[in-house]
Amino acid sequence: MQNKNLLLITTFLLFSCNNTTISSNGKHQVIFKNGNEILKTLEVNHGENALFNEDLPTKESTDKNYIYDFIGWDHSLKNIQSDLVINAIYQVIKDEEIEDGDFLYRPIYDESIFSLTGYELRFYNNLEFEGDLIVPSQYNNLPILRIGEACFMDTLISNISLPETIKVIDAYAFNSCENLQSLNIPNECKILKNAAIFYDNNLTNISLNNLEFIGADNFHICPKLESLSINENNINFTIENNILYNYDFSSLIKVPEHLSNVTINNQTTKLEEEALSRLNNATKLIIPESIETISKKAFFESKIEEITIEGNITTIEDQTFSHCINLKKISLPNTIETINYRAFYHCEKLEDISLPDTLKSIGDFSFAYCYNLKDFYIPSSLNNIGYGALDEQDSLTRFTINDNNKSFKVFDDCLYSSDYSKLIRVPQTKDNIVYHEDVKIIGSGAFYKCQEFTEFNLPDDITTIEDYAFYFVNTVYHLNIPDSVLTIGEGAFQNMEILVDIHLPINLTIIEKNLFDSCPLLQEVNIPYKV
């Protein structure tokens, strides 16, 4: 067994130059390694700190009875005086559970000498306890070093006091603790893994102390959280006005969701994913000129009413403002080129948005469910409108367009291709339209939910009806498709709920799938002989 254990041991070497002479550019090379794998290489100014801000290194176990888990580095990351190689250090956790009272434990071994050094608190099994809990600092005369994955998840505990022996809090550890009001992160704790503190409805404040790594999805869906604090000597993160940033303010990580006054530091260049999500008290926000990147879902489900973006960003990423149901007004800079998938999806009160003429593309469903938009402006550079981007706009009455746009045209308040050959979108509030004489194609979703129509008099020379063209038009009883039509796309008449009869064109050769799906009153369909 001793030889077998030796196979589990990985020797970590720390290389440092004996010569501490400062290089000609005043910097030192710092290499982060995971075994033989180089994770990151930095140039660090003499006397400054080295920071590794990527995902945690991982190591596969060579024995199924053990789990390796990263706990830190084999060298201080502070006050770098020479070139360094910094290696990952792991704990070895034996994959066995020991039950004692309300707790399950797992043994932890030192990797270098493979001796028992402490325990992981694997699980707390008293799901009925609603009071205050003091977590033991030791078991079997050895320290508790970790809080295990999902250890306290779904418990009813009001307050939890963790011992100073804890070095790692694993993923989901305090996820969905609906009664939890306070939680201390011990000074010795360096790692808070993904969603460890998540969906805690009554948590009001928390100190992050000396954390070196904070995984994704922490402090999300914590609607009463308004105060964050940190050890002033922490070199990895900083907090200003209760807002969590990385060490140099360049990246905003998370704004507590109960915070009402939000001012972003003017050194910040990036808003991380869900950085300002679910803000429930802030009403107005200015995004400063320094901001260059707004990550996807940055404002997801936030209740902000008015936003001004002064930063020089070019892209509104996926779901950035999705489900901002109180957002009424947003000012975009004249640098925006792309608005991505569901960027403003379900911004139900949005009524004032100025799309800059630099805008080239809006993605699928980007403005779907923007119920209060009345006029949709087509900027001069816009050349792509994604699928469903203009759906569920109940108040939209017209499209207006910059005269210099070369990709689209507007006729009778409806949106067409530049040569008028394709009808792209009809505002849902219209009850009839005058077709342009050059139209040949009814585009995908062109009449989606146009529920003010009671009949359609389609032009006699159209040739194509694309996918879902009349989807959810549930106010029309009869539909006559001109014999000039050669192609009808998938689901073109789906959910026409009161459609009784339809005439299909004589030259149709294919009936696509779902063509009449959810048309419960349909009684008569002619099948052309060429089908």
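The values are calculated or read from the model by the stated rules, or taken from the named source; none is laboratory data. Computed from a predicted structure; not experimentally measured. Glycine also receives a Cβ, built like all others from the backbone with ideal geometry; neighbour counts cover every protein chain displayed. Accessible surface is based on the protein model in full, side chains and every heavy atom, while ligands, DNA and RNA are left aside. Shrake-Rupley method; radii C 1.70, N 1.55, O 1.52, S 1.80 Å.
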Have a look at Ile336, Ile362 and point out the one that is at pLDDT 95 or above, under 22 Å from the mean Cα position of the chain (by Cα), surrounded by 16 or more Cβ atoms within 10 Å (Cβ to Cβ) and more than 24 Å from Lys449 (Cα to Cα). Ile336
Kindly indicate whether any position in segment 456-479 is hydroxyl-bearing (Ser, Thr, Tyr), open to solvent by less than 30 Å² (accessible area, probe 1.4 Å) and either closer than 26 Å to Asp375 by Cβ or free of Cβ contacts under 8 Å to residues at least 12 places away in the same chain (or both). no
Within segment 24-73, which residues are open to solvent by less than 50 Å² (accessible area, probe 1.4 Å) and of a type in the set (A, V, I, L, M, F, W, C)? Val30, Ile31, Phe32, Leu42, Val44, Ala50, Leu51, Phe52, Leu56, Phe70, Ile71, Trp73
State yes or no: is Ile134 open to solvent by 50 Å² or more (accessible area, probe 1.4 Å) and over 20 Å from Leu180 (Cβ atoms)? no
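Yes or no, residue by residue, for (1) out of contact with any Pro (no Cβ under 7 Å at 6 or more places or on another chain); (2) not aliphatic (A, V, I, L, M):
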{"position": "Leu359", "(1), (2)": "no, no"}
{"position": "Asp364", "(1), (2)": "yes, yes"}
{"position": "Tyr371", "(1), (2)": "yes, yes"}
{"position": "Ile378", "(1), (2)": "yes, no"}
{"position": "Tyr387", "(1), (2)": "yes, yes"}
{"position": "Val410", "(1), (2)": "yes, no"}
Reported set for segment 186-235 where residues are open to solvent by 50 Å² or more (accessible area, probe 1.4 Å), under 19 Å from the mean Cα position of the chain (by Cα) and touching a residue at least 40 places away in the same chain (Cβ under 8 Å) is Ala216, Asp217
Do we have any residue at all in segment 150-164 that's under 29 Å from Tyr247 (Cβ atoms) and in a strand (DSSP E or B)? yes
Kindly list, by first and then second residue, each pair from a residue in segment 137-151 that is closer than 12 Å to Val168 by Cβ to a residue that is part of a loop (DSSP other than H, G, I, E, B) and of a type in the set (Phe, Trp, Tyr), limited to pairs with Cβ atoms under 7 Å and residues at least 6 apart or on different chains. Glu149/Tyr172
Is one or more of the residues making up segment 292-299 touching a Lys or Arg at 6+ places or on another chain (Cβ under 6 Å), under 18 Å from Cys347 (Cα atoms) and open to solvent by 20 Å² or more (accessible area, probe 1.4 Å)? no
Residue check, Ser260 against (1) assigned to a loop (DSSP other than H, G, I, E, B); (2) touching a strand residue (DSSP E or B) at 6+ places or on another chain (Cβ under 8 Å); (3) among the hydroxyl-bearing types (Ser, Thr, Tyr), all met but one. Which one? (2)
For segment 514-531, what are the residues that are assigned to a loop (DSSP other than H, G, I, E, B) and either open to solvent by 60 Å² or more (accessible area, probe 1.4 Å) or of a type in the set (Gly, Ala, Ser) (or both)? Asn514, Asp517, Ser518, Pro520, Leu521, Gln523, Ile527, Tyr529, Lys530, Val531
Output the residues belonging to segment 498-513 that are open to solvent by 70 Å² or more (accessible area, probe 1.4 Å) and under 43 Å from the mean Cα position of the chain (by Cα). Ile510, Glu512, Lys513
Could you list all residues from segment 228-257 that are over 17 Å from Leu192 (Cβ atoms), in contact with a strand residue (DSSP E or B) (Cβ under 6 Å, 6 or more places away or on another chain) and outside any strand (DSSP E or B)? Asn242, Val255
Could you say whether any residue in segment 433-443 is farther than 22 Å from Lys297 by Cβ, of a type in the set (Phe, Trp, Tyr) and modelled with pLDDT of 95 or more? yes
Quick check on segment 486-494. Is at least one of its residues farther than 25 Å from Glu392 by Cα, open to solvent by less than 10 Å² (accessible area, probe 1.4 Å) and over 40 Å from the mean Cα position of the chain (by Cα)? no
